[in-house]
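The values are calculated or read from the model by the stated rules, or taken from the named source; none is laboratory data. Since the structure is predicted, the reported quantities are computational estimates derived from the model, not experimental observations. So basically every Cβ, Gly included, is an ideal-geometry build from the backbone, and we count neighbours across all protein chains shown.
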Amino acid sequence: MLKIEHLTKNYGDKKAVDDLSLHIKPGEIYGFIGHNGAGKTTTIKACCGILQYDSGEITIDGVSMKQDPITCKSKIAYIPDNPDLYEFMTGIQFLNFVADIFGVTAEKRKERINKYADAFEITGDLGSPISAYSHGMKQKLAIISALLHEPKLIIMDEPFVGLDPKATHLLKGIMKDMCSEGSAIFFSTHVLEVAEKLCDKVAIIKGGKLMRSGTMEEVKGDTSLENVFLDLEEEK
Amino acid sequence: MTKALFKKQIMEVFAWLYKDRKTGKIRSAKGIMMYAVLYLIVFAFLGSVFYTVAQMLCKPLLDAQMGWIYWCLMGLISVFLGVFGSVFSTYSSLYQAKDNDLLLSMPIPVARILLVRLFGVYAIGLMYELIVMIPTILVWFMKAPFSLVGAVCVMIIPFMLSIFVLVLSAVLGWVVALIAGKLKHKNIVTVFISLVFIAGYYYIYGKAYSLIQLLLQNVEAVGEKIKYALYPLYQMGLAAEGNLLSMLVFSAIIGVLFAAVYFALSRSFLGLATANKGAAKKGYKNKDQRVKSVSGALLQKEFRRFLGSANYMLNCGLGIILMPIAAVAIFWKAGTIQEILSDPIMQPIQNFIPLLAVAAICMVSSMNDITSPSVSLEGKSIWLVQSLPIISRHVLAAKLKLHLLLTIVPAIPLVIAVEWLIKPDLSFALLIPVAVLLFIVLMASFGLFINLKMPNLNWTNEIIPIKQSMSVMIALFGGWIFIMALAGIYYLLRSVLSPLIYLLIVCTLLLASCVIFIRWIFTTGAKIFSEL
């Protein structure tokens, strides 16, 4: 579903991502972990077509992000770590805007908005301007907007930050359901316990370089993901 | 504790001087000096206007033994300016200050927090009030006979009067706080009130000279009337003339007013400052949603951004209101305008009146510079249009369309009114709307071009890309300079080119420029936008 091959991105002299290769298959929940400034967000933004990269290739469902970004973007959904949404819109106006862009029919958008807004308990707030939303509510709205077009791949940057325990639990359930239906999920997190319990595969990045990747069992072996991560962090 | 609070408030009030609002960084000493000098120049320029007014009033009123009216009138102007300057920030600085929660969580009495906040409003009001009061005092010292008591009173008066400004601002701010959140169309109401203020200002400004003359001719009758209507200012005037008792009465009135307002506000402050900051929760009905095309959705987004910001509408869309107003004014005052145009003194410009008409319409239409901050306004939410399956060209096209729709539609009645007024021959009648249309397209595309070249996505307050950005300045003044340059060129070439040929050449040039800018926007500009 998502193939990252030899991805390199420089910011001036600094290599933010250095020859990174990952392959996320349909049905997989793929965790992406690393310390602050390791290159997670840069990689994620490159995968979503927000950031141009210097070399390498990113393909979504076999389509190159460089060659055909619009087709790639129509297959994915992106949820950033800090959802800066259009504050001049109400929640429902924003959801309709996103649905219009993805060409979601009136019936389907109504059904999905009702389903997810009820589940995340923000139906009553959809008529209010986004500027009045809390961080958690914005995060919930961003998640709902990402689910409207039933993407084949969801890319998320720290999706659990700001969510209440109930919403976190709900999101985990949605992630599992989507993967069981053939979609793929690629997300970054600092919460290693969540990654350990939720992910089929995991990749650890440090200084822009891929340190370790594979199934959860392959990466952590007999120890915990936290121990593996901390050991890798201590390596020079 | 109080000292620390006042120090914090002073730092906050003068942050505009030492802190760069764009980057948030502290300015260098040289930068602060330059900024201070710049403000002093603006202060002196504005002060010179009131100096002229003071000069006109002071001597005749002193001669009529009615010096106190001089103080009443200048005091009234300074109170108006002080309230005008501080009322807009009173609500936000009293009730919406970002550190309200922090201060309320500390062991500080609520009344003291309010006092410090009021001090901030007082300082802003004083700054505005001094623009009028400094020239008032200067002229007074030059014209009035000297008295020591009067001089001392005159030096105290601005600081006391500023408390009166504070009282009025605080009361208005309190009213705003009470109704905030209950208004349905807050932005439209803000725009309407601001336009009424602007219209009122220009009306009074236009009538100022005749009003002053009227006052000076009927000084005694006016004096009798305003003595009671503006009693505190009457006492202030007598104090300036050296009446110590009046100074005490004036100070006592101000003191009582302040105490009453402070008491009332301190009782409601906690409730208003901790009220839910967001707008009132609006119910959402589960109804069928209207489906739009991608370009329709993007255009609607631009419309919502424009209508969702009073700052954007007021600063970049004034032409929307001015063009229909100008059209109505033309129909209304057609007789007077035609009289002026047919005056023998206007004979030399008769044959190029159509050119002047085009220049005038373009000048008013250039008050709309909607595209020039439109890229910057994407701000931190730019990730949305970059991550969604949208071609950057379509996003930029929506920005252009918004500008064109909101400028061309209001320009139509103005063009009709102008053509009805000047009754041009057929060739001009056809070319005038074409030239105006091409100019509007050029301004829209130029604004977008310049903002793509100078984007600023890292702002915390939308006023920065709208009011304090180079792209808006260049687009606005660039439009005016362009029109003046075209007029100047025609003046130089008037003996070799007929107005019709010149207008044809201008239209061709405008068309070529539009093609160049739009082509750039949809190729290089789209690439720049997708990589921002």
Legend entry - Which listed residue is within 14 Å of another protein chain (Cβ to nearest Cβ) and crowded, with 22+ Cβ neighbours inside 10 Å, from B:Leu396, B:Leu402, B:Leu355: B:Leu402
Legend entry - Odd one out for A:Met137 among (1) within 12 Å of another protein chain (Cβ to nearest Cβ); (2) hydrophobic (A, V, I, L, M, F, W, C); (3) out of contact with any Gly (no Cβ under 6 Å at 6 or more places or on another chain); (4) closer than 24 Å to B:Leu298 by Cβ: (4)
Inset, instruction - Return only the number of the condition from (1) at pLDDT 90 or above; (2) more than 7 Å from every other protein chain (Cβ to nearest Cβ); (3) over 17 Å from B:Ile382 (Cα atoms) that A:Phe94 does not satisfy. - result: (3)
Inset, instruction - Would you tally the residues in the range B:298-307 being within 7 Å of chain A (Cβ to nearest Cβ) and either in contact with a His (Cβ under 7 Å, 6 or more places away or on another chain) or surrounded by 20 or more Cβ atoms within 10 Å (Cβ to Cβ) (or both)? - result: 2
Inset, instruction - Please give the number of the condition B:Val291 fails out of (1) more than 30 Å from B:Val358 (Cβ to Cβ); (2) at pLDDT below 85. - result: (2)
Legend entry - Tally of residues being more than 7 Å from chain B (Cβ to nearest Cβ) and of a type in the set (A, V, I, L, M) across the range A:100-129: 5
Inset, instruction - Being under 28 Å from A:Phe88 (Cα atoms), outside any helix (DSSP H, G or I) and modelled with pLDDT of 85 or more narrows it down to one of B:Pro455, B:Pro424, so name that one. - result: B:Pro455
Inset, instruction - Could you list all residues from the range B:288-336 that are in contact with a helix residue (DSSP H, G or I) (Cβ under 6 Å, 6 or more places away or on another chain), among the hydroxyl-bearing types (Ser, Thr, Tyr) and more than 29 Å from A:Asp100 (Cβ to Cβ)? - result: none
Inset, instruction - List the number of the failed condition for B:Ala199; all other conditions in (1) at pLDDT below 75; (2) part of a helix (DSSP H, G or I) hold. - result: (1)
Legend entry - Qualifying residues in the range A:63-75 (those that are more than 8 Å from chain B (Cβ to nearest Cβ) and either aliphatic (A, V, I, L, M) or in a loop (DSSP other than H, G, I, E, B) (or both)) - the one surrounded by the fewest Cβ atoms within 10 Å (Cβ to Cβ): A:Gln67
Inset, instruction - Could you please let me know if A:Ile60 is of a type in the set (A, V, I, L, M), buried (at least 23 other Cβ atoms within 10 Å of the Cβ) and touching a residue at least 60 places away in the same chain (Cβ under 8 Å)? - result: yes
Inset, instruction - Give just the number: which of (1) closer than 19 Å to A:Gly182 by Cβ; (2) within 14 Å of chain B (Cβ to nearest Cβ); (3) not charged (D, E, K, R) does A:Tyr30 not satisfy? - result: (2)
